[in-house]
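The values are calculated or read from the model by the stated rules, or taken from the named source; none is laboratory data. Every value quoted in this text rests on a predicted model; they were computed, and no experiment measured them. Note: ideal-geometry Cβ built from the backbone for every residue, glycine included; neighbour counts use all protein chains shown. Ligands, DNA and RNA are excluded from the accessible area calculation, which covers all protein heavy atoms including side chains. Shrake-Rupley method; radii C 1.70, N 1.55, O 1.52, S 1.80 Å.
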Amino acid sequence: MKKAALLAGLAAAAIVGTNGFASDLFDRIDAGRYNAVLADCAACHTRPGGKPFAGGAPLQTPFGALVPANITPDPETGIGSWSYADFRNALKTGIGKDGKRLYPAMPYPAYATMADADVADLWAYFQKVEPVSNRVVSNQLPFPFSIRAAMIGWNLLNFSPKEFQPDPAKPAEWNRGAYLVNGPAHCGTCHTPKNLTGADKSGEFLRGGNLQNWYAPNLTSDPHKGLGNWSGDDIVAYLKTGSNRFDIASGPMAEAIRHSTSLWNDADLKAVATYLKDVKGSDAAAPQPIAATEPAMTAGKAIYLDRCSACHVSTGTGEASLFPTLAKAPVVNGTDPTSLIRVVLQGSQAAGTPAKPTTPAMPSFGWNLSDADVANVLTYVRNSWGNAAPPVTAGQVKDLRVALTR
C-alpha cells in the first residue's frame, strides 16, 4: 500500500510539476490532507461507521436521493483508474471520468473557484488513502431527474466556472476568507437559498437555506437574522469549539464542526470571520414582534416556562457552553423555522470538539407536545426577548413530523 501510494503520489507530483507547482511529495500530501479537511470531504463521502471516503449515506435532495461516491483509490469501485485530469475536471467542471455528468449535490460550482495547486494537493492525498472496495450506486433519482445529460442544461443556466481572484482592494486575510467560504468550504451549498432548479438564488448569498429538513441560518452581517451581533472572536469560537456566547452547534453543522472547522488552523478561522463580517445582508427592516397578548403567545409562554426555562432560562439567555441562548439568535429569528421545529420534535446533541468535549443534549418533546403546542411555544420563543419572526403554525409542525418519520 505504501509503495503504491508513493508511486501514485509521485505520478501526481510529476503531473503538477509540469505546471510549476511545488514538488515535495510529502508536503503536497499533507497539504492535500488539510484541503480535504477544509472541504469536509468526509462529511459526504464517509457513511457513519464506514471506511473513510468509501462512499457516504444517501443525501435527500428535493429531487430524490443521491449517494456520495467512493473516492478511495480502489481501481474497480473508487477513483483508482482516474487520471489527475479526470479528478480535476470532476471538481472544477462537474464532469467526471468518461464524461460522466455530476449533480451539483457534489459542490463543483464552489470547487470550481479552487486554485489548481490546491486541487493537485487533494489528488496527491487521495492517492494515499486506503483503497476500499465498495461499489456505490450514486444516482438514485427518479425519472426524469435520473438523466445525467440534463446537467448540460443546468450548467448552462446556473454554472459559470471561474477560479477565485483576490480583490486587490481588500487585505490578504479577507481574501483568504473569501476563498475558503466560496471555494473549499462551500458554505453557500447549505446557507444560500435555492431556486426551483436547485441552484443558488441570485443576490441572496448566505441568507439561509433549507437542506434535508434543516435550516442553515443566515451568515451575513444582518443584525437581526444573521451574524451582525457576533464579533469575529465569536465566529472563531463557534467554528473551533462548537459553541460561543450565543449558540451551540447541532445537526449537520455540529458534524461540519467536528470533522472540519474544529481542525482548521487559527489563521483560516480568523480569515473566515473577517470575510463573513463583511458579507452584506438584506436591507429589509426587522419585523415587529407578535403582541404578547395573542393567544399563541400566552399559550406558548406557559409551555416554555414549564418545559424549557429550566435550561434556557426565563429570559431566553441560556447557560454558556451548555444551553443555547434563544434571545436574538440568528436561527431563532430566521424566516424558516424548520430547525427549531425539528429540534423540539427530535431533540438534539451538541458538537463534541477537542476544546469542548462535553456534548450537552436536548431531549425530544415530540412524544408529549402536540403540533399546536410545538407551534405555540416556538411562536413565543421567536417573538420574545428582542426576537421577532413569523409565527409557527401547527400545519408546519405536522408536515415536518410526517417528513421525519419517512
message = At a 10 angstrom cut-off on C-beta neighbours, averaged per residue, how do the peptides 328-336, 169-177 rank from highest to lowest?
response = 328-336, 169-177
task = Taking only Cα atoms and a 10 Å spring cutoff, compute GNM fluctuations for the chain and point out the largest among Gly203, Gly188, Gly232.
result = Gly203
task = Identify which of Leu322, Leu276, Leu180 has the largest mean-square fluctuation in a Gaussian network model of the chain, with springs joining Cα atoms closer than 10 Å.
result = Leu322
query = How much length, in nm to one decimal, is gained on full extension between Trp154 and Arg47, taken as 0.36 nm per residue of separation minus their Cα-Cα distance?
reply = 35.7 nm
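Run lengths n ≥ 4 of DSSP H only: what is the helix-derived mean residue ellipticity at 222 nm for the chain, with -39500 (n - 2.57) per run over all residues, to the nearest 500? Present the calculation step by step, with values, prior to reporting the outcome.
On the way: 18 runs with 166 residues, N = 406.
Counting only the DSSP helices, I get -11500 deg cm²/dmol.
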ask   = Lys328: which aspartates and glutamates have alpha carbons under 14 Å from its alpha carbon, excluding same-chain residues fewer than 8 sequence positions away?
value = Asp222, Asp247
request  = Would you mind checking the pairs Lys225/Lys270; Lys97/Lys170; Lys97/Lys128; Lys92/Lys201; Lys97/Lys201 and listing those with alpha carbons more than 26 angstrom apart?
outcome  = Lys97/Lys170; Lys97/Lys201
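Which net charge results for the neighbourhood of Val132, defined as the other residues with beta-carbon distances under 9 angstrom from its beta-carbon, given Lys and Arg at +1 and Asp and Glu at -1? Each step should come with its number before you reach the end.
Details: positive: Lys51; negative: Asp74, Glu130.
Summing Lys/Arg as +1 and Asp/Glu as -1 gives -1.
Compute the relative contact order of the chain as a whole-number percentage, counting only Cα pairs closer than 8 Å that sit 6 or more residues apart in sequence.
Working: 755 pairs, mean separation 53.8, N = 406.
So the answer I get is 13 percent.
Roughly how many Å² is the accessible area per residue of region 304-347, as a whole number, for a 1.4 Å probe?
On the way: 1790 Å² over 44 residues.
For region 304-347, the per-residue accessible area is 41 Å².
Compare the peptides 242-250, 344-352, 45-53 by average per-residue count of other Cβ atoms within 10 angstrom and give them in order, highest first.
The peptides rank, most packed first, as 242-250, 344-352, 45-53.
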task = Please find, in a Gaussian network model of the chain (springs between Cα atoms separated by less than 10 Å), the residue of Lys162, Lys225, Lys301 whose mean-square fluctuation is greatest.
result = Lys162
remark   = Checked against the structure, the computed Rg and Dmax of the Cα atoms in Å among (1) 24.9, 78; (2) 22.2, 73; (3) 24.2, 85 is the one labelled (2)
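When only C-alpha pairs under 8 Å and at least 6 residues apart count, what is the relative contact order of region 111-262, in percent?
Values: 136 pairs, mean separation 20.6, N = 152.
RCO, region 111-262: 14 percent.
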query = Rolling a 1.4 angstrom probe over the protein heavy atoms, how many square angstrom per residue are accessible across region 81-184?
reply = 49
key: Carbon and sulfur %, accessible surface of the chain computed with the full protein complex present, 1.4 Å   = 59
task = Between beta-carbons, use under 11 Å as the cut-off and find the net charge around Arg401, counting Lys and Arg +1, Asp and Glu -1.
result = +1
task = Can you tell me which of 195-201, 233-239 comes out highest on packing, and rank the rest after it, using the mean Cβ neighbours within 10 Å?
result = 233-239, 195-201
task = With +1 on each Lys and Arg Cβ and -1 on each Asp and Glu Cβ, and nothing else charged, work out how big the dipole of the chain is about its Cα centre, in Debye to the nearest 20.
result = 620
inquiry  = Please report the spacing between the Cα centers of region 280-338 and region 47-77 in Å, no decimals.
reply    = 37
inquiry  = Using alpha carbons only, how many angstrom separate the centre of region 156-174 from the centre of region 376-395?
reply    = 38
